[in-house]
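Heads up, the thing below is written out as structure tokens.
The values are calculated or read from the model by the stated rules, or taken from the named source; none is laboratory data. A quick note: this is a predicted structure, and the numbers were derived from the prediction, not measured. Quick reminder, even Gly has a Cβ in these numbers, built from the backbone with ideal geometry, and neighbours come from all protein chains shown.
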């Protein structure tokens with residue numbers, strides 16, 4: 001395909017940024033009706049307590065209070081759904097306890113919603129919330145996945161008679177055990193993948209409206225996809241999807257956590273219906289910590305069986321996943337998704353993985369950037385480094401020895417994945433070259449003279465993206481000569497408006513600034529799977545391509561008729577349609593005004609359903625220095641070589657990778673959600689939960705070495721989560737390497753200064 005000035009592959013600056021940098025973005029809280037009522041939620045201060053009663057009498061009589069709802073008031077509404085239950089290994093169905101909109105009879109985590117208060121101001125609503133008398137009877141709580149399995153542990157769901165939510169496995173345990181029994185060497189790690197809070201810039205919010213004449217609801221909320229919310233929220237309300245309009249404006253980050261239905265969404269709609277006015281709720285940062293789904297929280301033991309030459313023979317894994325108190329929308333599926341990627345880019349013939357998920361008295365856990373794949377990559381790359389150390393084979397050579405070779409593609413993994421393409425060793429070699437891996441020893445020696453511990457680490461990863469549902473949409477020529485894309489993906493800051501406009505520009509040779517994107521309104525966008533799983537560009541771009549191609553063909557016919565030539569003699573050139581080899585042309589605006597230009601001729605439709613996932617991959621190399629006097633880690637160099645199949649826009653791609661690395665660095669070195677033994681959340685604000693800052697990062701050395709996907713018509717592979725997948729093991733492996741001269745061989749995330757200092761002190765024999 002001939003490159004266009006603003007087309008595919010070009011580093012076009014984001015067309016949407018002007019409004020954001022000038023303060024003209026329209027986020028949910030910017031779009032609230034002026035005459036709205038305000039909702040707040042009374043949340044449990046206890047991790048586990050029986051509710052003897054809720055007395056709202058005094059609160060209901062307070063000035064400005066319009067409505068108070070408790071569980072007794074909403075019995076006609078359904079519970080929040082879990083859309084991804086898993087079977088147990090014995091084939092039995094996973095039990096699914098209730099997830100009530102408001103706690104009924106018992107609270108199960110700090111922050112569990114007990115009552116909703118609606119008033120004419122936030123101050124009035126909060127005053128009323130303080131006047132509600134809840135008869136709590138605190139009971140023992142269980143925190144931590146290992147503790148949840150102990151004999152006599154308090155039960156989150158007593159009727160369930162166990163804290164185990166499900167237990168499933170893949171692979172033949174006896175066959176794998178036999179391989180381990182005859183292996184020349186067995187290497188093992190136990191990994192803690194700590195719990196995280198997403199901490200997107202824009203907290204969640206929701207506004208509910210109800211029209212008694214049409215009997216239609218309108219929900220406006222910051223989300224990762226309106227169509228999925230329309231289906232789930234309407235089911236909770238007990239109405240047809242057509243009776244609920246869902247609107248999303250600009251979104252200030254999601255990272256998976258804004259994909260799900262939350263209890264506030266149907267409740268603001270119910271309240272709006274009862275009050276006859278719009279009802280809005282806007283979370284503060286602490287509510288984000290207490291009420292939004294959290295991420296990760298796995299404990300994993302992994303073992304690798306090797307032959308005498310260091311070849312991987314089999315992998316044995318036991319994953320213990322904490323799901324929190326309730327089953328969030330996709331909660332059970334997330335650790336299992338990681339299981340399916342357990343073997344990474346390596347040729348490991350056999351695997352047995354056991355995944356056990358448990359309930360605890362904590363906030364529910366669901367998808368967070370990468371959703372199971374970062375957890376899998378972290379475990380595997382930590383284990384591969386252990387294999388290198390214990391066999392005496394270098395870290396790069398043991399990887400090269402065990403990578404799946406290009407000649408083996410397509411490659412069926414023992415976890416039911418099918419990799420279509422991949423050149424893993426070539427990507428690794430290029431990353432090592434760019435990172436000057438071979439000259440690291442000199443840099444380590446120089447750092448030693450300055451009193452610093454210097455280390456280098458790597459991680460090679462592969463992940464699955466862009467599977468499942470497809471996208472249907474349109475590209476339309478408008479009367480003013482611009483173009484409108486209607487699509488069901490949902491931008492959360494990735495730059496979709498620019499990427500899709502570049503595709504239109506490629507096929508119609510129009511300035512991307514003349515292309516607008518319509519999303520986030522179920523009355524306009526009838527179908528769509530939203531953003532998540534790095535699907536928006538690999539799936540949405542193909543849809544926009546097909547719609548653009550269809551529209552281009554229709555416009556050629558119209559222009560041919562107007563200019564009295566065959567449609568094949570028409571070309572798109574600099575925002576107009578021209579007769580090839582002449583100066584005769586017609587503008588897009590004039591095409592749109594032609595009497596014969598029916599609306600259907602000015603619109604191209606597209607659809608794409610991916611036949612399989614795409615598999616981006618690559619290698620990250622991180623170099624760190626540690627101050628042994630303080631335990632502080634400084635990243636001094638960071639190198640990435642990724643395979644994303646095809647690059648649509650290198651600027652957007654870099655932005656996604658950079659953002660993912662930042663989040664991975666945050667998990668590796670500082671972020672951690674901490675509960676005390678009684679279930680109190682100790683990290684409930686940004687005063688206690690540390691996020692990465694610019695000073696914690698360096699300029700990244702990033703390049704691509706693309707091998708086009710065969711499962712995507714454009715060769716694309718998803719890129720939105722890759723940075724968070726390769727970064728955590730690369731950073732932690734670098735930290736361990738820096739500490740290795742002291743005999744330190746392991747450290748758990750986050751590798752905080754205090755934790756590193758403790759390792760150094762212990763290695764030096766300090767009391």
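Just a few scattered comments:
- Residue selection: residue 320 fails the criterion of being surrounded by 24 or more Cβ atoms within 10 Å (Cβ to Cβ), touching a strand residue (DSSP E or B) at 6+ places or on another chain (Cβ under 7 Å) and at pLDDT 95 or above.
- Cβ-Cβ under 8 Å pairs, at least 6 apart or on other chains, region 396-413 side free of Cβ contacts under 8 Å to residues at least 60 places away in the same chain, far side crowded, with 21+ Cβ neighbours inside 10 Å and assigned to a helix (DSSP H, G or I): 400/428; 403/424; 403/428; 404/424
- Taking residues in region 62-84 that are on the phi > 0 side of the Ramachandran plot and in contact (Cβ under 8 Å) with a residue 40 or more places away in the chain, and partners anywhere that are in a strand (DSSP E or B) and surrounded by 19 or more Cβ atoms within 10 Å (Cβ to Cβ), the pairs with Cβ atoms closer than 9 Å and at least 6 places apart or on different chains are 64/119.
- Screening region 212-231 for residues that are assigned to a helix (DSSP H, G or I) and without any contact (Cβ under 8 Å) to a residue 60 or more places away in the chain and picking the one that is nearest to the chain's Cα centre (by Cα) gives 229.
- Residue within region 453-472 that is over 30 Å from residue 377 (Cβ atoms), touching a strand residue (DSSP E or B) at 6+ places or on another chain (Cβ under 9 Å) and surrounded by 17 or more Cβ atoms within 10 Å (Cβ to Cβ) present: yes
- Inclusion of residue 482 among residues that are out of contact with any strand residue (DSSP E or B) (no Cβ under 8 Å at 6 or more places or on another chain) and surrounded by fewer than 24 Cβ atoms within 10 Å (Cβ to Cβ) is not warranted.
- From 545, 498, residue being over 24 Å from residue 598 (Cα atoms) and in contact (Cβ under 8 Å) with a residue 40 or more places away in the chain: 498
- Residue check for residue 751: part of a loop (DSSP other than H, G, I, E, B), under 31 Å from the mean Cα position of the chain (by Cα) and within 27 Å of residue 656 (Cβ to Cβ): yes
- Residue match in region 27-37 (condition: exposed (fewer than 13 other Cβ atoms within 10 Å of the Cβ) and touching a strand residue (DSSP E or B) at 6+ places or on another chain (Cβ under 6 Å)): no
- Residue satisfying all of: in region 566-600; under 44 Å from the mean Cα position of the chain (by Cα) and assigned to a loop (DSSP other than H, G, I, E, B); surrounded by the most Cβ atoms within 10 Å (Cβ to Cβ) among these: 597
- Taking the listed residues 327, 269, the one that is buried (at least 22 other Cβ atoms within 10 Å of the Cβ) and within 30 Å of residue 382 (Cα to Cα) is 327, with no other qualifying.
- Out of 686, 691, 653, sole residue that is in contact (Cβ under 8 Å) with a residue 60 or more places away in the chain and either buried (at least 19 other Cβ atoms within 10 Å of the Cβ) or under 15 Å from residue 455 (Cα atoms) (or both): 653
- Condition met for residue 735 (part of a helix (DSSP H, G or I) and either more than 22 Å from residue 644 (Cα to Cα) or without any contact (Cβ under 8 Å) to a residue 24 or more places away in the chain (or both)): yes
- Condition check for residue 166: outside the structural domain of residue 678 (by TED's automatic domain parsing), surrounded by 14 or more Cβ atoms within 10 Å (Cβ to Cβ), in contact with a strand residue (DSSP E or B) (Cβ under 8 Å, 6 or more places away or on another chain) and in a helix (DSSP H, G or I): no
- Condition check for residue 389: part of a helix (DSSP H, G or I) and in contact (Cβ under 8 Å) with a residue 24 or more places away in the chain: yes
- Residue match in region 658-677 (condition: in contact (Cβ under 8 Å) with a residue 24 or more places away in the chain, assigned to a loop (DSSP other than H, G, I, E, B) and surrounded by fewer than 19 Cβ atoms within 10 Å (Cβ to Cβ)): yes
- Some residue of region 345-360 being under 30 Å from residue 158 (Cα atoms), crowded, with 20+ Cβ neighbours inside 10 Å, touching a helix residue (DSSP H, G or I) at 6+ places or on another chain (Cβ under 8 Å) and without any contact (Cβ under 8 Å) to a residue 60 or more places away in the chain: no
- Test: residue in region 373-390 that is over 18 Å from residue 461 (Cα atoms) and either buried (at least 24 other Cβ atoms within 10 Å of the Cβ) or touching a helix residue (DSSP H, G or I) at 6+ places or on another chain (Cβ under 7 Å) (or both): no
- Only one entry of 66, 11, 39 meets the criterion of being in a loop (DSSP other than H, G, I, E, B) and outside the structural domain of residue 493 (by TED's automatic domain parsing), and that entry is 11.
- From the options 175, 190, 202, 209, residue that is more than 31 Å from the chain's Cα centre (by Cα) and either touching a residue at least 40 places away in the same chain (Cβ under 8 Å) or in a strand (DSSP E or B) (or both): 175
- Annotation note: of 115, 125, 47, the sole residue that is buried (at least 22 other Cβ atoms within 10 Å of the Cβ), assigned to a strand (DSSP E or B), touching a residue at least 24 places away in the same chain (Cβ under 8 Å) and outside the structural domain of residue 680 (by TED's automatic domain parsing) is 115.
- Residue under evaluation residue 149, criteria (1) surrounded by fewer than 16 Cβ atoms within 10 Å (Cβ to Cβ); (2) within 25 Å of residue 45 (Cβ to Cβ); (3) touching a residue at least 12 places away in the same chain (Cβ under 8 Å), criterion not met: (2)
- Taken across region 521-530, residues that are assigned to a helix (DSSP H, G or I) and either in the same structural domain as residue 253 (by TED's automatic domain parsing) or in contact (Cβ under 8 Å) with a residue 40 or more places away in the chain (or both) do not occur at all.
One line per residue, one yes/no per condition, for (1) over 21 Å from residue 252 (Cα atoms); (2) surrounded by 24 or more Cβ atoms within 10 Å (Cβ to Cβ); (3) at pLDDT below 95; (4) in contact with a helix residue (DSSP H, G or I) (Cβ under 9 Å, 6 or more places away or on another chain):
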residue	(1), (2), (3), (4)
474	yes, no, no, yes
488	no, yes, no, yes
496	no, yes, no, yes
500	no, yes, no, yes
505	yes, yes, no, yes
518	no, no, no, no
530	no, yes, no, yes
536	no, yes, no, yes
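- Leading residue by the ranking (farthest from residue 746 (Cα to Cα)) among those in region 691-705 that are out of contact with any helix residue (DSSP H, G or I) (no Cβ under 8 Å at 6 or more places or on another chain) and in a loop (DSSP other than H, G, I, E, B): 699
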